[in-house]
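Shown next, in structure tokens, is the structure this report addresses.
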Amino acid sequence: MGVTQLKTASHSSEKDAPDVEQAVRAILADIEANGDDAARKYAERFDGYSGNLILTPDEIDAASASLDMQLKDDIRYAYDNVRNFAEAQKATIGDFEVELRPGLFAGQRAIPCNTAGCYVPGGRYAHIASALMTVTTAKVAGVSNIIACSPPQKGTGVHPAIIYTADLCGADRILAMGGVQGVAAMANGLFGLPKADILVGPGNQFVAEAKRILFGRVGIDMFAGPTDSLIIADGTADPEFVAWDLVGQAEHGYNSPVWLVTDDRALAEQVMARVPELIATLPELNARNATAAWRDYAEVFLCDDREDMAALSDRMAPEHLHVQAADRDWWLRRLTCYGSLFLGEETTVAFGDKASGTNHVLPTSGAARYTGGLSVHKYMKLVTWQRALPDAVVPLAEATARISRMEGMEGHARTADIRLEKYRKSA
């Protein structure tokens, strides 16, 4: 592979991840042992909030009324796209029955989980889009009970736009609680909520660790680290678009990697010069995050040709992959490891993050090598069933008994033997 690294990262998001396991385990254990009171204690300590925890219909209505109509229209536009895409996803799976041999039938059922806990971040930024992505897909999947959980701001509560969005998308309850305590409240069924079968949604390192620890007791969407993005660009790309798209993703956080893979040195040099200039135009918090992410985590690679570019991208398996290069159909066919793919300058990762319809809860830290992002499928269990007519029993029982005895599992063999004895006689 012909690859030259033009910018090297001095930090790694995996190596630099803080060790929060001990603290998270202590909080989870306290809440499991002491229930509502412990969760409320942590809400007051970490969120600075002592208000109502399960929002009432009046509070939801008040939040909706406080929002500008244009914002509500924009949220509805994005909601329609996310819902329509989720419905199309759901149509790709379903129940079936197949006759494997004469008289031997097996089948599949797609059954939604009963209760989903959807975590919606609300710390540095009000993540309206996370409510869209998590709650809408759960509703389309057919989940019976949907809990939206979001951290309240001190003295004001959950951001009104998050409340409005969660309600619009179909949340049955909205919990004003953040962090580990919010995740634990959903997992343990506190405050009169049903226990969650699955926990989904992005969050900080404490939320991610709480989900990791709880996995097994409950399902989760995925183990998530800092968001990451990779752009593939050739000589046809507009350096200004490439630079802004890198900056737009770097503002997520100080440890959010962004990568540029190109076969054009001039483009790479233009982008590397332009990115710091663009970051300087952002608001202070955004600029601080993007500056650190670009300085410490960003990398730029110069490849010999497009096959090298594609191979490198597949090896890195980015969460977001944006191709700004000629022959887009070739890239669509060739690339195999990514959370979500954006083809051409006409689209951008922000479209997928906010409004275009595909889900933005995606695998990070190379996990796109083996999994996709959040979808209706994550909320559904593909279970199997079988039945057999009498004529199918004899050959099935004979094979089962012989395999069982070869394995040394005599009890299994005898469950086949008794059926063999009965149905061989009646055959």
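The values are calculated or read from the model by the stated rules, or taken from the named source; none is laboratory data. Treat the numbers as computed from the prediction; the structure is a model and nothing was measured. Please note: Cβ atoms are built from the backbone with ideal geometry, for glycine as well, and neighbour counts cover all protein chains shown. All accessible areas refer to the heavy atoms of the entire protein, side chains included, with ligands and DNA or RNA removed. Shrake-Rupley method; radii C 1.70, N 1.55, O 1.52, S 1.80 Å.
Figure the gain on full extension for R387 and D329 (residue separation times 0.36 nm, minus the Cα-Cα span) and round it to one decimal in nm.
Details: separation 58, 0.36 × 58 = 20.88 nm, distance 4.51 nm.
Full extension from R387 to D329 adds 16.4 nm.
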request  = Over the alpha-carbon set of the stretch 288-369, work out the extent along each principal axis and list the three values in angstrom, largest first.
outcome  = 35, 31, 25
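Would you mind classifying the stretch 219-332 by shape? Square roots of the alpha carbon gyration tensor eigenvalues, ordered a ≥ b ≥ c; an a/c under 1.5 is rounded, otherwise it is prolate if a/b is larger than b/c and oblate if not. Let's see the in-between values first.
Working: a/c = 2.11, a/b = 1.17, b/c = 1.79.
Taking the square roots of the gyration eigenvalues as a ≥ b ≥ c, the stretch 219-332 is oblate.
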note = Between D305 and L100, Cβ-based FRET efficiency (R0 45 Å, step 0.05) works out to 0.40
key: Computed magnitude of the charge dipole of the stretch 235-294 (debye, nearest 20; Cβ of K, R +1, Cβ of D, E -1)   = 200
inquiry  = With a cap of 14 neighbouring Cβ atoms within 10 Å, and only residues DSSP puts in a loop, list the trypsin sites (Lys or Arg not before Pro) found in the stretch 153-199.
reply    = K154
query = Can you work out D for the stretch 92-194 in µm² s⁻¹ from Stokes-Einstein, where Rh is the Kirkwood radius over C-alpha pairs, the temperature is 4 °C and the viscosity is 1.567 mPa s?
reply = 86
ask   = For the peptides 345-351, 157-163, what is the packing order when you average, over each peptide's residues, the other Cβ atoms within 10 Å and list the highest mean first?
value = 157-163, 345-351
key: Shape category assigned to the stretch 346-393 from the gyration tensor of Cα positions, a/c cut at 1.5   = prolate
ask   = With charges only on Cβ, +1 for K and R and -1 for D and E, what is the dipole size of the chain about its Cα centre, in debye, rounded to 20?
value = 1860
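Rounded to the nearest 0.05, what FRET efficiency is calculated for L343 and E32 with R0 set to 30 Å and r the Cβ-Cβ distance?
On the way: r = 46 Å, r/R0 = 1.53.
My answer for the efficiency is 0.05.
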message = Using +1 at the C-beta of Lys and Arg and -1 at the C-beta of Asp and Glu, which of M406, W294, G216 has the Cα lying farthest in the positive direction of the dipole of the chain?
response = M406
message = Quick check on the chain: of the DSSP beta bridges with both residues there, what percent are antiparallel, nearest 5%?
response = 40
query = Which of the listed residues, Q205, T137, A171, is farthest toward the dipole's positive end in the stretch 93-217, when Lys, Arg count +1 and Asp, Glu count -1 at the beta-carbon?
reply = Q205
key: Rounded accessible area of T115 (nearest 10 Å², 1.4 Å probe)   = 0
request  = Could you pull out the trypsin sites (Lys or Arg not before Pro) across the stretch 12-94 that fall in loop regions by DSSP (anything but H, G, I, E, B) with no more than 12 other Cβ atoms inside 10 Å?
outcome  = K15
ask   = Which angle between 0 and 90 degrees, to the nearest 10, do you get for helix 179-188 versus the longest principal axis of the chain when only C-alpha atoms count?
value = 20
Cross-link pairs beyond the 29 Å C-alpha cut-off, checked among K354/K378; K154/K195; K41/K139 = K41/K139
request  = Return the whole-Å distance between the Cα centroid of the stretch 309-325 and the Cα centroid of the stretch 226-294.
outcome  = 15
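Tally Lys/Arg at +1 and Asp/Glu at -1 over every other residue whose Cβ is under 11 Å from the Cβ of M186; what's the total? Please list the in-between numbers first.
Working: positive: R173, K195, K211; negative: D197.
Around M186, the surrounding residues sum to +2.
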remark   = Taking the dipole of the stretch 1-65 about the Cα centre (Lys, Arg +1; Asp, Glu -1; charges at Cβ), the one of G2, V20, G51 that reaches farthest to the positive side is G2
ask   = Taking a probe of 1.4 angstrom, what is the accessible area of Y423 in Å², to the nearest 10?
value = 70
task = Lys and Arg at +1, Asp and Glu at -1: add these up for the other residues within a Cβ distance under 12 Å of K7 and post the number.
result = -2
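So what is the calculated 222 nm ellipticity per residue for the chain, using -39500 (n - 2.57) for each DSSP H run with n of 4 or more, over all residues, to the nearest 500 deg cm²/dmol?
So the calculated ellipticity at 222 nm is -14500 deg cm²/dmol.
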ask   = Given the convex hull of the Cα atoms of the stretch 140-275, what is a quarter of its surface area in nm²?
value = 11.2
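By the scheme Lys and Arg +1, Asp and Glu -1, what is the net charge of all other residues having a beta-carbon under 14 Å from that of D74?
-1
Label the stretch 16-59 by shape, choosing from rounded, prolate and oblate, from the square roots a ≥ b ≥ c of the eigenvalues of the Cα gyration tensor; if a/c is under 1.5 it is rounded, and otherwise prolate applies when a/b is larger than b/c, oblate when it is not. Write down the numbers at each step before the final one.
Values: a/c = 2.84, a/b = 1.78, b/c = 1.60.
The shape class here is prolate.
Do any chymotrypsin sites (Phe, Trp or Tyr not before Pro) in the stretch 69-98 lie in a DSSP loop with no more than 12 other beta carbon atoms within 10 Å, and if so, which?
On the way: sites: Y77, Y79, F85, F96; in loops: none.
In loop regions of the stretch 69-98 (DSSP not H, G, I, E or B), there are no sparsely surrounded chymotrypsin sites (Phe, Trp or Tyr not before Pro).
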key: Calculated FRET efficiency for the pair E398/S12, C-beta based, R₀ 51 Å, to 0.05   = 0.35
query = What accessible area, in Å² to the nearest ten, does a 1.4 Å probe give for L285?
reply = 50
